[in-house]
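FYI, it's all coordinate maths here, none of it is from the lab. Every value quoted in this text rests on a predicted model; they were computed, and no experiment measured them. Cβ atoms come from the backbone with ideal geometry, glycine included; neighbour counts cover every protein chain shown.
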Amino acid sequence: MEIQIDLLFAILVLLLLCFDLFPFQYACLTASIQPIEETEWVELLPRINEWAGRAGVTLASVQVAQDAIGWHGVRIVGLGKRPTLILGEALLRASEWRVRDAFICMALAEHYVGIARRRLRRDIGYLLLLCAWIPCYHFAEQLAHTPMRIGAWAPYIGFPILALVLGLSHPGRAYYKADRFAATLTGDPAALIVAYRLKMAFNGWSISWSIRSLDGKRVEQLAKLSMQPWPRALHASVPVPAIMQISYYTTLPQMVTEPAPVPGELYKIERPA
């Protein structure tokens, strides 16, 4: 049984590493993906490239995921300098230009701060802990009924605690940094909040779970950021058209306006004194 448990943990960690190293291939397995040039959303491509240029990111390609069933989101995959942006079609259909811009900038910001690389380092840490944990366990078994066994079990118990700390520390601050950068890109924190809430609703997250989740905490941080005085887009003071009511940030979907130009420079957020 011990060997089977060891093997199970090893498989789980290796799967995590495969997801980190081959994210686009994994995305292709979980959704029907098409280049945006072959879809009805091709008109978004110039604007996406403008946002990418403003964020200092060069995209290898932009794909659209036909994700009517399953997880809904917008993600950027790839560890190199030319990542791939994958847009969930369900969210595109349910949003207008401000929320679409928010989704795009959120993904670009995560690449800008290196979320994927941080996730890879975390999972490599899991693998190293597992490699140390397995021999430690069997060493403790060999010392059964001896005074040395208690000392051998101490690191065996400590490794899972280290793994838990490693998982809990992944990378909350980096996500907050990404959200802050996305806010400086768009100058529209309300649209970012609406984008998060829309994604939560489409993925079936309950209100209580949404509040406790990392995304819920990110929304809370964005709400605090939106209350601070800093330069932002002219349309940021206007409620965001949305298909669902999200506090005071939204208005009716019929109130959609023409897209504003991509800003020529980042909006500067002043740190509170």
statement: The answer for residue 240, listing residues at least 5 apart or on another chain whose modeled amide H is closer than 5 Å to its amide H, is 250, 251
- request: Filter the trypsin sites (Lys or Arg not before Pro) in the range 28-81 down to the DSSP loop ones having no more than 12 other Cβ atoms within 10 Å, then list what survives.
  value: 81
- request: Compute the Cα gyration tensor for the range 55-123, then decide on rounded, prolate or oblate, letting a ≥ b ≥ c be the square roots of its eigenvalues: rounded whenever a/c is under 1.5, prolate when a/b is larger than b/c in the other cases, and oblate in all that remain.
  value: prolate
query: Do any GluC sites (Glu not before Pro) in the range 40-95 lie in a DSSP loop with no more than 16 other beta carbon atoms within 10 Å, and if so, which?
result: 40
